[in-house]
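Any read-out appearing in this document is the output of simple, stated calculations on the displayed coordinates, not a laboratory observation. In this text, all values refer to a predicted model and were calculated from it rather than measured experimentally. Glycine gets a Cβ as well: all are built from the backbone with ideal geometry, and neighbour counts include every protein chain shown.
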Amino acid sequence: MIDSVEAAKTNPLSEQPWAELGLKQDEYESIKKILDRRPTSSELAMYSVMWSEHCSYKSSKVHLRQFGDKAPSTEALLVGIGENAGVVDIGDGWAVTFKVESHNHPSYVEPYQGAATGVGGIVRDIISMGARPLAVMDPLRFGAADAPDTRRVLPGVVAGIGGYGNCLGLPNIGGELVFDESYAGNPLVNALCVGSMKHADIHLASAKGVGNLVVLYGARTGGDGIGGVSVLASETFDADGPAKRPSVQVGDPFMEKLLIEATLEVLHAGLVEGIQDLGGAGISCATSELASNGEGGMHVYLDRVLLRDASLSPEEILMSESQERMCAVVTPEKIDAFMQLCKKWDVEAVVIGEVTDTGRLVIEWHGETIVDVPPRSVAHDGPVYERPFHRPSWQDALQADAPTPERLARPESPEALKQTLLDLISSPNLASKSWVTSQFDRYVLGNTILSQPENAGMIRVDEESGLGVAISTDCNARFAKLDPYAGAQLALAESYRNISVAGAKPLAVTNCLNFGSPEDPEVMWQFAQATTGLADACLELGIPVTGGNVSFYNQTGDTAIHPTPVVGVLGVIDDVDRRTPMAWEDDGELIYVLGNTADEFAGGEWAHLQGHLGGLPPKVDLPMERLLSEIMVAASRDGMITAAHDVSDGGVGVAITEMALRANIGARFWIPDNIDPFVFLFSESTARAIAVIPRTEELRFTEMCAARGMSATRFGVVDSGLGADSGHPDEQVIVFDSLFTLTVDQLREANEATLPALFGG
């Protein structure tokens with residue numbers, strides 16, 4: 001029997017599974033107060049999922065507001081927080097949209113499909129803005145590299161990202177691969193997509209215009225994904241119904257490809273008044289958000305929805321997170337043209353309702369009204385919690401436990417320094433990622449200019465002018481564990497630096513904030529600190545947050561993951577031909593380190609390799625980061641440098657190793673005066689970069705640095721002929737005068753063997 005609105009009025013005392021659906025009793029009482037009756041089972045399902053943490057941001061809203069309240073003044077931001085994705089003006093009438101979000105829990109349950117549909121979902125966010133997707137990035141975090149569950153999850157996640165993205169023909173241009181015991185049982189699978197459009201093509205998610213038609217198009221609706229964002233299971237409403245539906249969505253990249261082309265064509269043809277992708281919470285989310293944003297109402301006939309499983313109940317249809325679906329608002333006079341274009345692309349479409357002026361979202365099922373709610377109460381006016389938070393009791397002791405020489409023995413001899421470098425570059429976090437990235441799209445490429453392992457991914461947007469964008473994501477969660485405020489700023493600084501050393505000007509930020517349970521006051525303190533730190537840093541650097549995602553409840557039992565605020569930065573470059581790669585090229589080029597090096601190892605890779613976490617993270621110096629950015633962009637623009645690399649994980653030693661491996665050309669280095677070799681090689685002090693300079697440009701470059709107050713120290717020279725002098729004829733080597741010599745082949749062997757040994761291949 002259908003639980004209609006009429007039934008809810010006549011049977012007000014019917015027991016309902018509100019707790020099983022994740023609602024608190026006071027939330028359930030609020031729903032009854034809003035409706036002036038008990039909700040129907042369909043309404044209950046809608047409220048439960050739309051008021052969930054994932055959809056409503058009920059525990060994070062009060063802190064996320066800072067991104068708007070502290071937003072720096074900028075003319076670049078065209079669409080900010082609140083839409084499917086942020087949009088940034090990059091000049092010449094072009095705009096780009098980008099966003100990062102999580103698909104953590106589905107990827108743990110079913111790694112392949114969880115990760116694949118994470119890619120599909122973020123791509124639909126981008127096309128719903130009217131943009132053509134250009135590339136994806138995937139920041140990934142797993143438990144210990146040698147843990148059995150990592151071996152279960154990682155290959156499936158990598159295959160899912162590669163399989164789905166490759167079928168779409170979208171290059172994967174970067175991201176991160178991090179291993180840490182904190183993520184055991186809670187892998188973080190974050191997905192970013194970037195797309196481009198002309199200003200006139202920007203579209204927003206709203207249902208306006210009384211009488212306009214609501215069209216559902218794309219794949220048919222199935223029972224997959226129920227229990228994804230929500231905890232809804234079919235048995236909740238019908239004990240005699242089918243077995244529990246799969247909780248992880250199942251993706252079809254070939255349908256996604258058709259959907260992309262159909263969507264872009266109907267948008268560019270001017271056939272759409274509003275559009276929304278269907279991801280989390282499915283039709284519940286799309287209809288309530290469209291209606292709420294339109295400030296009107298909507299009448300939906302749920303039995304018109306095309307199904308691939310005829311046994312689905314109304315509640316299941318509303319909650320299904322079946323992939324490759326979109327919802328559009330179309331005027332009656334344009335509906336035929338809309339349908340024709342869908343047919344052209346072999347995409348099914350059906351009118352499921354119309355826009356009204358009632359101020360209500362009404363949903364019918366075979367003539368009976370099963371939903372009658374104010375849409376804003378579902379989509380936007382859910383509960384907002386000011387969760388209690390306090391500094392963890394263990395925080396002071398953790399910060400006091402710094403990796404001093406007294407606590408952690410440091411390598412001193414030349415042989416020990418040499419072994420430390422080899423140990424670092426062969427560690428899972430710093431080893432070559434090619435085992436992963438080789439499974440992503442390497443052949444279609446699109447307009448890829450730079451991709452992993454370069455400092456940042458770079459895509460050409462305009463083939464005539466060479467206009468392009470660079471994107472980077474980053475976060476050292478250990479830094480955030482030691483000091484969440486500074487840790488979030490350091491994540492931003494690293495991404496910002498990656499963009500700059502590639503030659504692009506940083507413009508905007510997206511973020512995916514991954515934390516434990518918001519009901520834990522200590523986790524909530526970490527979240528509040530990180531959010532405040534990121535907002536403050538964005539204000540100081542002058543780049544706005546355009547949107548993103550919050551992922552809570554990443555924990556096993558009471559043990560939360562390290563706080564992981566992943567920060568993505570997008571920058572613009574007026575001509576991709578002048579990008580700065582990380583590989584040096586010519587003999588005689590001079591190698592400089594910019595910025596100051598201090599004794600800073602807490603939370604860094606060397607301490608991590610020793611099994612130590614404690615102390616304070618490296619000092620944040622945002623003015624110096626901004627200055628470094630300006631210098632690197634100017635040096636690229638004016639042809640002063642031929643290569644560059646940021647200094648971050650593993651310090652200068654790892655940075656120059658990665659450059660040598662990329663170039664396959666050797667170089668000679670020396671330790672600058674008045675600094676300990678270990679500190680110089682492996683400290684993770686921030687606001688530093690390696691710059692490679694032709695001799696003809698040395699004076700101009702150093703004078704620019706001196707005039708701007710930037711420390712620039714020469715410590716190396718590119719030299720392809722060092723092999724013979726060091727006992728390695730016909731080989732490329734890096735030589736540290738008086739310390740050690742390593743061939744590039746030795747470095748490569750150490751760097752590339754780790755992941756294949758762990759995961760096969």
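Using +1 at the Cβ of each Lys and Arg and -1 at the Cβ of each Asp and Glu in the chain, identify which of Ser451, Ala667, Ala45 lies farthest towards the dipole's positive end.
Most positive-ward Cα: Ala45.
Could you give me the ³J(HN,Hα) list for region 370-379, computed from phi with Karplus coefficients 6.51, -1.76, 1.60 and θ = phi - 60°, whole Hz, x at Gly and Pro?
10, 9, 8, 9, x, x, 5, 5, 7, 8
I need the phi-derived Karplus couplings for region 427-438: 6.51 cos²θ - 1.76 cosθ + 1.60, θ = phi - 60°, integer Hz, Gly and Pro marked x.
6, x, 6, 10, 5, 3, 8, 4, 4, 7, 5, 5
Among Ala8, Ala602, Leu21, which residue has its Cα furthest toward the positive end of the charge dipole of the chain, with +1 on Lys/Arg Cβ and -1 on Asp/Glu Cβ?
Ala8
Using every alpha carbon pair in the chain, what percent of pairs falls into each 20 Å bin from 0 up to the bin containing the largest distance?
17, 49, 27, 7, 0
With each label point set 7 Å from Cα along the Cα-Cβ vector, what nm distance links Asp587 and Asp730?
Roughly 1.8 nm, to one decimal.
Taking the inverse of the average 1/r across all pairs of different Cα atoms in region 573-675, what Kirkwood radius in Å do you get?
On the way: mean 1/r = 0.0637 Å⁻¹.
Answer for region 573-675: a Kirkwood hydrodynamic radius of 15.7 Å.
Starting from the Cα of Asp92, move 7 Å in the Cα-to-Cβ direction to define the label point; list residues of region 35-76 whose amide nitrogen is under 16 Å from there.
Of the residues in region 35-76, none has backbone N under 16 Å from the label point off Asp92.
As a test of the formula, what do you get for the chain when each DSSP H run with n ≥ 4 contributes -39,500 (n - 2.57) and the sum is divided by the residue count, at 222 nm and rounded to the nearest 500 deg cm²/dmol?
Working: 27 runs with 271 residues, N = 761.
Helix contribution divided over all residues of the chain: -10500 deg cm²/dmol.
Please identify every one of the trypsin sites (Lys or Arg not before Pro) in region 297-351 that sits in a loop by DSSP and has no more than 13 other beta carbons within 10 Å of its own beta carbon. Working shown, then result.
Working: sites: Arg304, Arg308, Arg325, Lys334, Lys343, Lys344; in loops: Arg308.
Sparse-neighbourhood loop trypsin sites (Lys or Arg not before Pro): Arg308.
I need the calculated FRET efficiency for the pair Phe759 and Lys208, taking r as the beta carbon distance and R₀ as 51 Å, to the nearest 0.05. Walk me through the numbers before you get to the answer.
Details: r = 51 Å, r/R0 = 0.99.
Efficiency at R0 = 51 Å is approximately 0.50.
So, R0 is 51 Å and r is the distance between the beta-carbons of Arg637 and Ser393; what FRET efficiency does that work out to, to 0.05? Present the calculation step by step, with values, prior to reporting the outcome.
Values: r = 51 Å, r/R0 = 0.99.
Plugging the Cβ-Cβ distance into 1/(1 + (r/R0)^6) gives 0.50.
In debye, nearest 20: dipole of region 645-699 around its Cα centre with unit charges on the Cβ of K, R (+) and D, E (-)?
On the way: 4 positive and 8 negative charges, 43 e Å.
The dipole of region 645-699 has a size of about 200 debye.
What is the extension gain from Glu368 to Asp599, computed as 0.36 nm multiplied by their sequence separation minus the C-alpha to C-alpha distance, in nm to one decimal?
Working: separation 231, 0.36 × 231 = 83.16 nm, distance 7.05 nm.
My answer for the length gained is 76.1 nm.
How much FRET efficiency would the formula 1/(1 + (r/R0)^6) give for His380 and Asp346, where r is the Cβ-Cβ distance and R0 is 45 Å, rounded to 0.05? Could you put the intermediate results ahead of the total?
Working: r = 35 Å, r/R0 = 0.79.
After rounding to 0.05, the efficiency reads 0.80.
Tell me, in nm to one decimal, what length is gained between Lys9 and Arg700 on full extension, where the rule is 0.36 nm per residue of separation less the Cα-Cα distance? Display every interim value, and only then the final one.
Details: separation 691, 0.36 × 691 = 248.76 nm, distance 8.01 nm.
Fully extending the segment from Lys9 to Arg700 adds 240.7 nm.
Of Val266, Ala643, Asn549, whose Cα points farthest to the positive end of the dipole of the chain (charges on the beta-carbon: +1 Lys, Arg; -1 Asp, Glu; origin at the Cα centre)?
Val266
For Lys433, Lys9, Lys481, what's the fewest-to-most ordering of other Cβ within 10 Å of each Cβ? Could the numbers behind the result be given before it?
Numbers: Lys433 19, Lys9 13, Lys481 24.
By the 10 Å Cβ count, ascending: Lys9, Lys433, Lys481.
Tell me which chymotrypsin sites (Phe, Trp or Tyr not before Pro) from region 704-742 have a DSSP coil assignment and no more than 10 other beta carbons within 10 Å of their own. Don't jump to the answer; show the numbers that get you there.
Details: sites: Phe715, Phe736, Phe740; in loops: none.
Within region 704-742, no chymotrypsin sites (Phe, Trp or Tyr not before Pro) qualify (loop, at most 10 other Cβ atoms within 10 Å).
Could you give the nm distance between label points at Arg220 and Glu630, where each point is 7 Å from its Cα heading toward the beta carbon?
6.1 nm
Let's see if you can work this out: charge +1 on each Lys and Arg Cβ, -1 on each Asp and Glu Cβ, no other charges. What is the dipole magnitude of the chain about its Cα centre, in debye to the nearest 20? Provide the component values of the computation, followed by the final result.
Details: 55 positive and 105 negative charges, 130 e Å.
So the magnitude is around 620 debye.
Report ³J(HN,Hα) in whole Hz for each residue of region 111-121, in order, from the Karplus equation J = 6.51 cos²θ - 1.76 cosθ + 1.60 where θ = phi - 60°; Gly and Pro get x.
x, 5, 5, x, 6, 4, 6, x, 5, x, x
Once you compute Rg and the Kirkwood Rh from C-alpha atoms, what is the Rg to Rh ratio for region 529-584? Intermediate values should be presented prior to the final figure.
On the way: Rg = 16.8 Å, Rh = 14.9 Å.
Expressed as Rg/Rh, it is 1.13.
Using 0.36 nm times the number of residues separating Arg407 and Arg37, minus their current alpha carbon distance, what extension gain do you get?
On the way: separation 370, 0.36 × 370 = 133.20 nm, distance 6.42 nm.
My answer for the length gained is 126.8 nm.
Longer than 32 Å from Cα to Cα, which of Lys33/Lys481; Lys70/Lys334; Lys99/Lys433 are they? Say none if no pair is.
On the way: Lys33/Lys481 41 Å; Lys70/Lys334 42 Å; Lys99/Lys433 23 Å.
Flagged as over cut-off: Lys33/Lys481; Lys70/Lys334.
Relative to the Cα centre, what is the charge dipole magnitude of region 100-179, using +1 at the beta carbon of each Lys and Arg, -1 at the beta carbon of each Asp and Glu, and rounding to the nearest 20 debye? Kindly include the intermediate steps, with their values, before the conclusion.
Details: 5 positive and 7 negative charges, 32 e Å.
Once rounded to the nearest 20, the dipole reads 160 debye.
For the residue pair Leu307 and Asp676, what label-to-label distance in nm results when each label sits 7 Å from Cα along the Cα-to-beta-carbon direction?
6.9 nm
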